[in-house]
Amino acid sequence: MQGKIAVEEHFTAPGLEELISRIGWEPADWARVESRLQDVEFRLAEMDRLGIERALLSLGAFGVQEIPERSRAIELASRANEALAGIVADHPARFGGFAALPMQDPLAAAAELERCVTEYGFKGALVNGFSDVDGGGALYYDDARFDPLWERLVALDVPFYLHPRNPHASQRLIYEGRPELLGPTWAFAVETGTHALRLITSGLFDRHPDLTLIIGHQGEFLPFALPRLAQRMSHLKHVRLEKSPTEYLRENFYITTSGNSHTASLIGLLLEVGADRLLFAADYPFEEMADGATWFDSVPISEPDREKIGRMNAVRLFGL
Ligand code: GRE
Ligand code: ZN
């Protein structure tokens with residue numbers, strides 16, 4: 001398919017290399033990924049070769065989320081966004097940006113979002129999971145202090161991409177001795193799916209019904225787990241939501257194909273949430289751009305659905 005738009009594509013820039021985690025990478029693979037994160041010309045050549053018209057760029061894991069000092073998180077997010085704005089300005093027809101946000105300070109995050117959307121034309125925010133906070137804790141975004149940020153996203157009419165990170169150091173007992181299960185093999189999806197559930201069960205989407213989130217990797221395990229969750233949660237008196245969890249997934253989320261070229265999952269998603277809420281993504285350069293793109297071009301779905309997922313849903317959602 002020509003004209004694809006890829007929405008979970010990662011970059012870094014000179015001086016910001018430390019914001020991307022190399023944990024879990026073999027040294028030779030990391031050397032390739034690290035150079036590709038900054039190589040705009042090679043990225044464009046790959047996009048041309050694979051029928052990708054536009055890529056929406058963001059920092060990858062862990063971005064500024066692992067920086068406990070607020071002032072440093074604010075400064076690095078601003079520097080990353082400025083660098084990304086420069087890349088987008090050089091190629092406005094090929095790239096778009098997602099803002100990095102210093103969620104360690106919710107009001108600073110809301111201000112940075114507004115600055116990036118109004119000054120740089122960014123298409124939303126991409127945040128790498130919970131944020132570390134001074135003193136060693138983890139800040140998840142069902143916290144009421146984030147209401148001003150959610151309001152700002154709705155007012156600016158842009159989505160919030162909840163991207164994975166690894167679990168907090170205090171939560172890793174289950175992975176002890178099995179580092180192969182940390183990161184994208186397994187732990188990313190557990191962490192991110194659970195975080196998304198915290199947002200759903202907190203009533204976030206009843207308070208902000210027009211808020212749109214994006215999750216990657218064909219839904220971080222959520223789409224096929226929600227029916228059982230809903231069935232059992234209906235017995236819990238303290239949870240009072242206006243809709244079922246699957247309704248929030250259908251009405252407040254978009255789900256991308258990033259890094260997960262699995263046909264049965266995509267067909268399941270078509271049944272579970274429908275073609276209007278799915279988006280193509282390659283997760284380059286952590287994954288090969290060709291793997292996601294060639295799989296998507298030939299996956300057995302209808303051509304109208306391929307056009308929606310590959311392009312038209314992104315055109316509509318991001319106002320392209
Ligand atoms: C990601 O950020 O999406 C990612 C990594 C590392 C490996 C694979 C991957 O950070 O998809
Ligand atoms: Zn990613």
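Assorted remarks:
- Under a 5 Å amide H cut-off, with hydrogens placed 1.01 Å from N, residue 95 pairs with 55 among residues at least 5 apart or on other chains.
- Here the 3J(HN,Hα) profile of region 184-193, calculated from phi with Karplus coefficients 6.51, -1.76 and 1.60 at θ = phi - 60°, is x, 5, 8, 4, 4, 6, 4, 4, 6, x Hz, Gly and Pro shown as x.
- Options 109, 146, 126, ranked by Cα towards positive dipole end of region 107-178, top entry (Cβ charges): 126
- Only the Cβ atoms of Lys and Arg (+1) and of Asp and Glu (-1) were treated as charged; on that basis the dipole of region 213-283 about its Cα centre amounts to roughly 380 debye.
- Proximal aspartates and glutamates to residue 243, defined as alpha-carbon separation beneath 13 angstrom and excluding residues fewer than eight positions away on the same chain: 206, 251
- Region 284-303 residues near the modelled residue 180 label - backbone nitrogen below 20 Å, point 7 Å along Cα→Cβ: 287
- Of all lysines in the structure, the ones whose alpha carbon falls short of 26 Å from that of residue 4, not counting any fewer than 8 places away in one chain, are 123, 308.
- Kirkwood Rh in Å, taken over region 40-161 so that all alpha-carbon pairs contribute: 14.8
- Distance from the alpha carbon centroid of region 198-215 to that of region 1-51 works out to 30 angstrom.
- Each 10 Å bin, from zero up to the one with the longest distance, holds this percent of the alpha carbon pairs of the chain: 6, 28, 38, 24, 5, 0.
- For the pair region 76-110 and region 255-307, the centres of their Cα atoms are 26 angstrom apart.
- Amide H contacts of residue 7 (H built 1.01 Å from N, under 5 Å, at least 5 apart or other chain): 56, 281, 282
- Taking a ≥ b ≥ c as the square roots of the eigenvalues of the alpha carbon gyration tensor, region 84-226 is prolate, as a/c is not under 1.5 and a/b beats b/c.
- Whole-Hz ³J(HN,Hα) from phi, Karplus 6.51 cos²θ - 1.76 cosθ + 1.60, for region 53-58, glycine and proline x: 6, 9, 10, 8, 9, 8
- What you get for the chain, charging only the Cβ of Lys and Arg (+1) and of Asp and Glu (-1), is a dipole of about 800 debye around the Cα centre.
- Charge dipole magnitude, Cβ of K and R +1, D and E -1 - region 57-209, Cα centre, debye nearest 20: 260
- Selected from 124, 216, 86 as most flexible by GNM, with the chain as the system and alpha-carbon contacts under 10 Å: 86
- Those residues of region 290-305 whose amide nitrogen sits under 19 Å from the label point placed on residue 224, 7 Å along Cα→Cβ: 296, 299-301
- Fluctuation leader among 266, 229, 211 - the chain, Gaussian network, Cα springs under 10 angstrom: 229
- The chain - mean residue ellipticity at 222 nm from DSSP helices (-39,500 (n - 2.57) per run, n ≥ 4, rounded to 500): -12500 deg cm²/dmol
- For region 1-112, the alpha-carbon coordinates run over 42, 34, 21 Å along the three principal axes, in decreasing order.
- Fewest-first sequence of 182, 16 by Cβ atoms within 10 Å of each Cβ: 182, 16
- Positive end of the dipole of the chain (Cβ unit charges, origin at the Cα centre): among 221, 6, 310, the Cα lying farthest that way belongs to 221.
None of the figures in this text is laboratory data; all of them are computed from the coordinates on show. From a predicted model like this one, the values you see are computed outputs, not experimental measurements. Counting neighbours? That spans all protein chains shown, and the Cβs are built from the backbone with ideal geometry, glycine included.
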